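Following: one structure in structure tokens, then a few remarks.
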Amino acid sequence: MTTVSAPGKVYLFGEHAVVYGEPAVPCAIEKRATVTAELRDDNHVRVEAADLSLNGFVVEYAGSTANRPDVDVPQPLLDAAMGYIDAAVQQAREAADAPDAGFDITVESEIPLGAGLGSSAAVVVAGIDAATRALGEPLARRELADRAYKAEYEVQDGQASRADTFCSTMGGAVRVAGDDCTTLSTPTLPFVVGFDGGAGDTGKLVAGVRELREQYSFAADTVEAIGDIVSMGESLLVDADPEVPPSDELVSELGDLMNINHGLLSALGVSSRSLDTMVWAAREAGAEGAKLTGAGGGGCIVALDQSDETETSLRYTPGCKDTFRAELADEGARVEVDVGSEEA
Ligand code: PMV
């Protein structure tokens, strides 16, 4: 039995533009998805996902999710969750050259689904890592990130960048531009997250930006401008000493860039009333900057504030269902338990 956890993330800068090859800087946060994989002696996959939503479910199937039995959970939730887990299992089988391997899989997650905190990437990364380890074929980190990306790409019909999966695999802050993925050494930034309790439809939001970009040249320029913001932010980060807390000046400059990034994302139509309300509440509380994180349409914002003011203010902001300080997760995919794998 092998248990692996992997972190969610916030985008400091660059979501959506990263889909078109511009750079993005996501940062892993200490909210984790944990997947346990246990080998079976048949080729079935049994998935138990008690914490993925309020309606937990257990489902057992043979082969692909297409053959699964009917279960009593909302179809879109089941499709989304099962799609990612199925894709992770397929990647693990392929990587370990074990096409008929069966698993009992248990998923627990502290990361709200579809809220811009990279829940699906964390589940896929932890799932592939746990399943390949259970088969006695652990993957090098780069291969794990690559296979997790392929799984997401498949489930999201090609509407995925490498950003979420690379960040969740490696931990810390990373820079992703197309296929070029690197880790960054950065000071620990004072992230505060606000969550409206909802979720956006990543596929639809990405498709909406694509349409705008094709229709209006200024929308294409907006995507490029986001790339410029990311490059500026990235150079501020790499010039800073990662061993000491960030200076007020650095936090303030990064905050300005986050504010501009949010404005450009709004122009591309991916913000929402609740996200804008939380962004303004954070700014008015004294945050150095605030923006939506992830696909948008609903879900989470991320703000920079060294003080407790933003969290306090968000707690009383109508439409904000949860708020918390998000520590940077230095560790990416992490083995929690590894006993009795095929090699053991
Ligand atoms: O909301 P999330 O965590 O799925 O982030 C989506 C980020 C996008 O840039 C919009 C898409 C992608 O795959 O990079």
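The values are calculated or read from the model by the stated rules, or taken from the named source; none is laboratory data. Being a predicted model, the structure only gives us computed values, none of them experimental. Because the Cβ atoms are built from the backbone with ideal geometry, glycine has one as well, and the counts that use them run over all protein chains shown. The area values use the complete protein model at the heavy-atom level, side chains included, leaving out ligands, DNA and RNA. Shrake-Rupley method; radii C 1.70, N 1.55, O 1.52, S 1.80 Å.
Would you work out the relative contact order for the chain, in percent, from Cα pairs under 8 angstrom that are 6 or more residues apart? Each step should come with its number before you reach the end.
On the way: 831 pairs, mean separation 90.1, N = 344.
The value is 26 percent.
Tilt of helix 75-95 relative to the longest C-alpha principal axis of the chain, in degrees (0 to 90, nearest 10)?
Compared with the principal axis, the helix lies near 70 degrees.
When the solvent-accessible surface of protein heavy atoms is calculated with a 1.4 angstrom probe, in what order do MET1, MET232 fall, highest first?
Order by accessible area, largest first: MET232, MET1.
Measure nothing but the geometry: give the 0 to 90° angle between the long axis through the Cα atoms of 202-215 and the longest principal axis through the Cα atoms of the chain, rounded to 10°.
Taking the Cα atoms of the chain, the angle to 202-215 is about 50 degrees.
Subtract the Cα-Cα distance of VAL339 and GLU224 from 0.36 nm times their separation in residues, and report this length gain in nm to one decimal. Please report the intermediate quantities before stating the final value.
On the way: separation 115, 0.36 × 115 = 41.40 nm, distance 4.81 nm.
Stretched out fully, the VAL339 to GLU224 stretch lengthens by 36.6 nm.
Can you give me the long-range amide H partners of GLY289? Hydrogens built in the peptide plane at 1.01 Å from N, cutoff under 5 Å, separation of 5 or more residues or another chain.
When sequence neighbours closer than 5 places are left aside, the close amide H contacts are LEU304.
Can you figure out the FRET efficiency of GLU94 with MET232, using R₀ = 30 Å and their beta-carbon distance, to the nearest 0.05?
E between GLU94 and MET232, to the nearest 0.05, is 0.15.
By its C-alpha gyration tensor, with a ≥ b ≥ c as the square roots of the eigenvalues, how is region 191-326 shaped: rounded for a/c under 1.5, else prolate for a/b larger than b/c, else oblate?
Oblate is the answer for region 191-326, as a/c is 1.5 or above yet b/c matches or exceeds a/b.
Heavy-atom accessible area per residue, the chain, 1.4 Å probe: how many Å²?
Value for the chain: 41 Å² per residue.
Can you give the helix-only mean residue ellipticity at 222 nm for the chain, where every DSSP H stretch with n ≥ 4 adds -39500 (n - 2.57) and the sum goes over all residues, rounded to the nearest 500 deg cm²/dmol?
For the chain, the value works out to -13000 deg cm²/dmol.
If you plug each phi of region 122-139 into the Karplus form 6.51 cos²θ - 1.76 cosθ + 1.60 with θ = phi - 60°, what whole-Hz ³J(HN,Hα) values come out, in order, with x for Gly and Pro?
So the J values, rounded to whole Hz, are 5, 5, 5, 4, 5, x, 5, 5, 5, 5, 5, 5, 4, 7, x, 10, x, 9.
Which Cα, out of ALA207, ALA287, TYR84, lies furthest along the positive dipole direction of the chain (beta carbon charges, K/R +1, D/E -1)?
Selected residue: ALA207.
Just to make sure I understand: if all protein chains stay in place, what is the order of ARG210, ARG32 by accessible area at 1.4 Å, largest first? If you can, show how the numbers build up before the last one.
Values: ARG210 80, ARG32 15 Å².
So, going from the largest accessible area down, we get ARG210, ARG32.
Starting at the first residue of region 185-193, write each ³J(HN,Hα) from the Karplus equation 6.51 cos²θ - 1.76 cosθ + 1.60 with θ = phi - 60°, in whole Hz, x for Gly and Pro.
With the stated coefficients, region 185-193 comes to 8, 10, x, 6, 8, x, 6, 10, 10 Hz.
Through the Karplus equation 6.51 cos²θ - 1.76 cosθ + 1.60, θ set to phi - 60°, convert the phi angles of region 301-308 into ³J(HN,Hα) values in whole Hz; use x for Gly and Pro.
Values per residue, Gly and Pro as x: 10, 10, 10, 10, 7, 6, 8, 8 Hz.
Apply the a/c threshold of 1.5 to the C-alpha gyration tensor of region 118-267 and tell me whether it is rounded, prolate or oblate.
The shape class here is oblate.
Compute, for region 191-326, the length of the dipole vector about the Cα centre, with Cβ point charges of +1 (Lys, Arg) and -1 (Asp, Glu) only. Units Debye, rounded to 20.
800 debye
Could you let me know the centre-to-centre spacing of region 167-206 and region 106-138, using Cα atoms, in angstrom?
Taking the Cα centre of region 106-138 as reference, the centre of region 167-206 is 16 Å away.
Using only Cα atoms and rounding to the nearest 10 degrees, what angle (0 to 90) does helix 141-155 make with the longest principal axis of the chain?
The two axes meet at around 90 degrees.
Using only the Cα atoms of the chain, build the gyration tensor, take square roots of its eigenvalues as a ≥ b ≥ c, and label the shape rounded, prolate or oblate: rounded if a/c is under 1.5, else prolate if a/b is larger than b/c, else oblate.
Details: a/c = 1.74, a/b = 1.63, b/c = 1.07.
Verdict is prolate for the chain.
For LYS9, go through the lysines and keep the ones whose alpha-carbon is under 17 Å away, minus same-chain ones fewer than eight residues off.
LYS31, LYS291
What residues qualify as long-range amide H neighbours of ASP330, i.e. H under 5 Å apart, gap of 5 or more or another chain, H built at 1.01 Å from N?
Residues meeting the amide H criterion: GLY172.
Gap in Å between the Cα centre of region 270-332 and the Cα centre of region 4-45?
Rounded to whole Å, the Cα centres lie 20 Å apart.
Taking H placed 1.01 Å from N in the peptide plane, check which residues at least 5 places from GLY198 or on another chain put their amide H under 5 Å from its amide H.
For GLY198, the qualifying residues are GLY299.
Considering only protein heavy atoms and a 1.4 Å probe, what is the carbon-and-sulfur percentage of the accessible area of the chain?
C and S fraction of accessible area: 46 percent.
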